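First the structure, in the form of structure tokens, and then the observations on it.
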Ligand code: HBI
Ligand code: FE
């Protein structure tokens, strides 16, 4: 969607969570998803993520009530979760993040969709995205991302920001003294990709580099072919404009990189054998 089809004013998308409208089936779906994910994430997810789940009371009893969760989140980092019907236009999205408001879908998938949904539902948005926002450094990064997005929109660099979001906020990994850990929400809310991203020999795992990520295409229909790895749990890239503006100009002269390709300058942590993606018939 873009401003031609919808407003860029975030207020046009904010709705009430409608906590009272959730059915027993909805809460049971949350319980199934949350219990399964917490089990699979053990030893694979960043400790700060589990700490965030616990401090926010995002548990396994049922769908969290934003009114309760937001009191804790606001106290910790000044963020709050706001309910929206689904994906919203980029500008509205960036404006919300810049104001420390995280847009989360209020609806939850149906039981028959338990393993995969196309659009992000409340389980992906809240279980996947919100726990790390309790970390001040990540909370600052997400706000800086929103601010950078508003400037990117003025400089024809929206695709650069979408790629950065994809490879850090959604599908980022991080080095820790205990080994690689998941920090991306798209992985943290997916049982299959939780295992695949760390254990499979198929994907590349490459040290994060801001310019490299902003050149790299991504796929939305399957596991990633390359994961980018932060140097540490708190090594979220600084997004100062005096760094981004010249970088965006330099990138104009450089080709996009296909999701599974490696570059000579990559610091490759593990080279994938592509077995998963090669095995799948080219659709
Ligand atoms: N809208 N509600 C919502 N949630 C998102 O994660 C989201 C969005 N709009 C745009 C978007 N993400 C991405 O294209 C960002 O990279 C801009
Ligand atoms: Fe997401």
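Quick check: pseudo-label points 7 Å beyond the Cα along Cα→Cβ at residue 137 and residue 112, how many nm apart are they?
The answer from the label model is 4.6 nm.
Mind giving me the nanometre distance, one decimal, between the label points for residue 76 and residue 23, set 7 Å out from Cα along Cα→Cβ?
3.2
How much length is gained if the chain between residue 35 and residue 253 is pulled fully straight, taking 0.36 nm per residue apart and subtracting their Cα-Cα distance, in nm to one decimal?
73.8 nm
Write down the percent of antiparallel bridges among all DSSP beta bridges whose residues are both part of the stretch 131-283, to the nearest 5.
The antiparallel fraction comes to roughly 45 percent.
Relative contact order for the stretch 205-279: what is it in percent, counting Cα pairs under 8 Å that are at least 6 residues apart?
51
Just the ratio, please: alpha-carbon radius of gyration of the stretch 79-168 over 2.2 N^0.38 Å, N its number of residues.
After normalising by residue count via 2.2 N^0.38 Å, the value is 1.11.
Determine the equivalent ellipsoid of the stretch 1-111 by diagonalising the alpha-carbon gyration tensor, then write out the semi-axes as square roots of 5 times the eigenvalues, largest first, rounded to whole Å.
Those come to 26, 18, 14 Å.
Order by neighbour count: 227, 165, fewest other Cβ atoms within 10 Å first, most last.
By the 10 Å Cβ count, ascending, the order reads 165, 227.
Kirkwood Rh and Cα-based Rg: tell me the resulting Rg over Rh for the stretch 146-283, rounded to two decimals.
0.96
Rank the residues 77, 29 as a footprinting-exposure proxy: fewest other Cβ atoms within 10 Å of their Cβ go first.
Ordered from fewest to most neighbouring Cβ atoms within 10 Å, 77, 29 come out as 77, 29.
Rg (Å, one decimal) plus Dmax (Å, integer) for the alpha carbons of the stretch 54-122?
Reported Rg and Dmax, both Å: 13.3, 37.
Over every pair of different alpha-carbon atoms in the chain, take the mean of 1/r and invert it; report that Kirkwood radius in Å.
One decimal place: 19.4 Å for the Kirkwood radius.
So what's the gap between the Cα centers of the stretch 97-138 and the stretch 34-90, to the nearest angstrom?
The stretch 97-138 and the stretch 34-90 have Cα centres separated by 8 Å.
Could you tell me the relative contact order of the stretch 115-190? Use alpha-carbon pairs under 8 Å, at least six residues apart, and round to a whole percent.
With pairs under 8 Å counted, the relative contact order is 34 percent.
Taking a virtual spin label 7 Å from the Cα of residue 245 along the C-beta vector, which residues in the stretch 206-224 bring their backbone nitrogen under 11 Å of it?
none
Run through the DSSP bridge list for the chain and note the antiparallel percent, rounded to the nearest 5.
If we restrict to bridges inside the chain, about 35 percent are antiparallel.
Could you work out the relative contact order of the chain? I mean the mean sequence separation of Cα pairs under 8 Å and 6+ apart, divided by the number of residues, in percent.
Reported relative contact order: 18 percent.
Modelling each spin label as a point 7 Å along the Cα-to-Cβ direction, I'd like the residue 9/residue 154 distance in nm, to one decimal.
2.1
Read-outs throughout are calculated quantities, based only on the coordinates presented, and are distinct from any laboratory measurement. Predicted, not measured: the structure shown is a model, and the values here were computed from it. Don't worry about glycine lacking a Cβ; one is built from the backbone with ideal geometry, like all the others, and counts go over all protein chains shown.
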